[in-house]
Amino acid sequence: MAPSFSHNVVGLGIFLVMLVAIVEATPPGIAYHPSHSHCSDDEIKQCKNLPHVCPKFCPNGCITECRSCKPICIDGSPPPPYSPPPSTSPPSPYNPPSASPPPPHYPPPSTSPPPPYNPPSASPPPPHYPPPLTSPPPPYNPPSASPPPPHYPPPSTSPKTVKCKNKNYPKCYNQVHTCPSSCPDTCQVDCVSCKPVCSCDKPGAVCQDPRFIGADGITFYFHGKKDKDFCLVSDSNLHINGHFIGKRNEKMKRDFTWVQAIGILYGTHKISIGAQKTATWDDAIDRLSLNFDGETIVLLNNEGERWMSKSGPTTYITRTSKTNEIVIEIENIFKITAKVVPITEKESRVHNYGITQEDCFAHLELGFKFLSLSDEVSGVLGQTYRRNYVSKVKMGALMPVMGGDKEFSASGLFNVDCFVAKFQAVNGNVSLLNNLELPSLKCNSGIHGHGVVCKR
């Protein structure tokens, strides 16, 4: 009987070990969130009910954006609040022993009584001490005034609220949602799923130390170089350049860079959107710079304030916040969201940017939605919109980087001279036709009257 009993115990132990291994093999995000998603919008039949596997970098699950038919990460940050337990450190009531230190402090006071003989010397110090005390404070106050600005980001601790503004989705329209903790100030409502989604996590986004999300849903970085311009999108009827600003890190072989401005060319028009240089950041001060065909655009600091071009195609620029945030729409061409943001003290510390109080490197966070790109489109972001595009970045890397500084480099914000440029200005096309010399031709009706036959 003893052998059979021991065999049973061993078998039970092996079963428990296998059970623990199976439980631990389940990824934390998948345990509570679905690993698949699908589009449920009846209007978008091409994508409806198509299953999508959540990307590996979506620990909390994902949703499918029906229009791009791509999975998008969602945020689920409730766990953090449970971190307070560590605060159980207070049990260190053993500090009472610290009560013993106080007694030793009492002796010092007792030592002070003996020097009562110094009263005479105590009288001279008073007059001398006041002056120095009054003089130091003033110099210290100015520096204390500068630190507050970098602390303006804290207001972002109260997440921004957003609404679905598309009336085609009545069940979600005008519902108030709170931005996820991962993007408390920059999120939008996906009206199809009726959930808030980080603006920088959607296809067509360009944010941070330029982090791009292509039309294929793949995230990659393009660092470029500081104080240089690069072609972001180039097609026959549209061209967009980005101007990069940055800071050199002596410990690295590249610059830390951000997109400070974009120059847009379409038809015969030019639009520039830029972030003005600023030392200290204040959300209440507008740092947007807008120009249309060389003229400055002035928008009142009111949410919903709109500017419209007088010539076609009709261009609209609308404030989506009182300051620093707009959306640009050009009929049948594109819709671009732009927001000016600074590098915060926390970001600088975490990423070792080395940002000082002289410049907070205000830059743009952008979201692109294109309506009429051809299959020949190119550019850092534009190339990802081709139907046959295959990503060149190394997918297994922690930071997939897109190369091609020389290939995408341009000589100016509005210059269409990058190697991959496709844009053809309207005026340029007209001049080409005017200068074209056609040979003399003789044309007659074709065989049996079908078509026309021309000979030189």
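The values are calculated or read from the model by the stated rules, or taken from the named source; none is laboratory data. Since the structure is predicted, the reported quantities are computational estimates derived from the model, not experimental observations. For neighbour counting, all protein chains shown are included, and Cβ atoms are generated from backbone atoms with ideal geometry for every residue, glycine included. We work out accessible area using only protein heavy atoms, side chains counted, and drop any ligands, DNA or RNA first. Shrake-Rupley method; radii C 1.70, N 1.55, O 1.52, S 1.80 Å.
What to note about this one:
- Per-residue SASA entry for Lys270, accessible area with 1.4 Å probe, Å² rounded to 10: 90
- Apportionment of accessible area to carbon and sulfur, the range 313-405, percent (1.4 Å): 50
- The 3J(HN,Hα) values that the Karplus relation (6.51, -1.76, 1.60; θ = phi - 60°) gives for the range 274-287 are, in residue order, x, 9, 6, 5, 8, 7, 10, 9, 9, 4, 7, 9, 7, 10 Hz. Gly and Pro appear as x.
- Hypothetical label at Leu398: residues of the range 156-188 whose amide nitrogen lies under 12 Å (7 Å Cα-Cβ projection): none
- ³J(HN,Hα), Karplus 6.51/-1.76/1.60, whole Hz, each residue of the range 417-424, x for Gly, Pro: 10, 6, 4, 9, 4, 10, 5, 10
- 30 Å Cα-Cα threshold exceeded, pairs from Lys70/Lys322; Lys165/Lys406; Lys335/Lys422; Lys225/Lys322; Lys253/Lys394; Lys48/Lys322: Lys70/Lys322; Lys165/Lys406; Lys225/Lys322; Lys48/Lys322
- Distant-in-sequence amide contacts of Gly379, defined by a placed amide H-H separation under 5 Å and a gap of 5 or more residues or a different chain, comprise Ser234.
- Residue order for Arg254, Arg349, Arg306 - accessible surface, 1.4 angstrom probe, largest first: Arg349, Arg306, Arg254
- Applying 0.36 nm per residue to the separation of Glu303 and Ala279 and subtracting their alpha-carbon distance, the gain on full extension is 6.1 nm.
- Rounded to whole Hz, the Karplus (6.51, -1.76, 1.60) HN-Hα couplings of the range 353-360, x for glycine and proline: 6, x, 6, 10, 6, 6, 7, 8
- Going by accessible surface with a 1.4 Å probe and the largest first, Tyr266, Tyr221, Tyr173, Tyr385 read Tyr173, Tyr385, Tyr221, Tyr266.
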